[in-house]
Amino acid sequence: MPIADVRARVPDEVEIEEHDGSAWLGIVFFRVRALRARGALPVPGISSFLQLNVRTYVRGPDGLPGVWFFSIDASNRLAALGVRRIYHVPAFHARMALEPAGGWYEAECVRVGEPGRVFSGRYRATGESFHAEPGSLEWFLTERYRLFAADARAEIHHDRWLLSPTEAEIELASIAPFALSGAPHCHCAFRQDALIWPPEPIAS
């Protein structure tokens, strides 16, 4: 993505990061399982759901890398509301599906109440799993431990991503705030456990 396009949508408090001379837009589709507060059990009905986030890659005022969320869509309405209220992220309820079909996984997301905000595509792993090398594009996109949105930030802890090279076919991606072109650069992961801390002011 041209950095000027991304800069216009991200506050000046965070720096847009580039890799190979370009800003990057990530569309990440996954299933949340057993979401819970520390020391508590998962709450039936809101602890497992599908989620799609649209993000770019930034550094905060302290120079540490993170991700900036343009939007988060969730298949559970209460989960979307909770994310919006707690983390100040533009979060939305969506009709979503992620299903195996003939060796592929088919992914669909249609935002409720916003006609035209859609993601539709399919993907399949094509090779053996690996850990990204420092300095690679894969490292740049995945090894990040902080989220930014609106006036808040939050720490995230997780193990290094175990990635698989992936073939993807994208039919629609109007869920993104920019028109996209060119072939997608894709990877998938079969599982990633993560811890997320409560939000703090973005400029502290």
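The values are calculated or read from the model by the stated rules, or taken from the named source; none is laboratory data. Bear in mind that the values here come from a model prediction, so they are computed numbers and not experimental data. No Cβ is skipped: glycine too gets one built from the backbone with ideal geometry, and neighbour counts run over all protein chains shown. Ligands, DNA and RNA are stripped out before the accessible areas are found, and what is left, the full protein with its side chains, is counted by its heavy atoms. Shrake-Rupley method; radii C 1.70, N 1.55, O 1.52, S 1.80 Å.
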Item to check | Close pairs (9 angstrom Cβ cut-off, 6 or more residues apart or separate chains): modelled with pLDDT under 90 in the range 57-69, open to solvent by less than 10 Å² (accessible area, probe 1.4 Å) and not hydroxyl-bearing (Ser, Thr, Tyr) anywhere | outcome: Gly60/Val14; Gly60/Gly66; Gly60/Phe148; Pro61/Val14
Next on the checklist: Testing Ile175 on (1) surrounded by fewer than 15 Cβ atoms within 10 Å (Cβ to Cβ); (2) more than 24 Å from Leu64 (Cα to Cα), one condition comes back false. Which one is that?
Outcome noted: (1)
Checklist entry - Taking the stated definitions as given, is Gly135 without any contact (Cβ under 8 Å) to a residue 40 or more places away in the chain and not acidic (Asp, Glu)? => result yes
Checklist entry - Of the residues Pro115, Pro134, which is more than 15 Å from the chain's Cα centre (by Cα), more than 19 Å from Asp73 (Cβ to Cβ), open to solvent by 20 Å² or more (accessible area, probe 1.4 Å) and not small (Gly, Ala, Ser)? => result Pro134
Next on the checklist: Taking the criterion of being under 20 Å from Phe29 (Cβ atoms) and touching a Phe, Trp or Tyr at 6+ places or on another chain (Cβ under 7 Å), would at least one residue in the range 196-204 satisfy it?
Outcome noted: no
Checklist outcome for this item: Exception for Ala154 within (1) in contact with a Pro (Cβ under 7 Å, 6 or more places away or on another chain); (2) open to solvent by 30 Å² or more (accessible area, probe 1.4 Å); (3) farther than 18 Å from Val28 by Cα falls at (2)
Checklist outcome for this item: (1) free of Cβ contacts under 8 Å to residues at least 40 places away in the same chain; (2) farther than 30 Å from Pro11 by Cα; (3) part of a strand (DSSP E or B) all hold for Gly127 apart from (3)
Item to check | Flag if Gly63 is under 26 Å from Met1 (Cα atoms) and surrounded by fewer than 16 Cβ atoms within 10 Å (Cβ to Cβ) | outcome: yes
Checklist entry - From the residues in the range 7-31 that are touching a Pro at 6+ places or on another chain (Cβ under 9 Å) and modelled with pLDDT of 90 or more, which one is most open to solvent (accessible area, probe 1.4 Å)? => result Arg9
Next on the checklist: For Leu147, only one of the following conditions fails: (1) touching an Asp or Glu at 6+ places or on another chain (Cβ under 8 Å); (2) within 14 Å of Val28 (Cβ to Cβ). What is its number?
Outcome noted: (1)
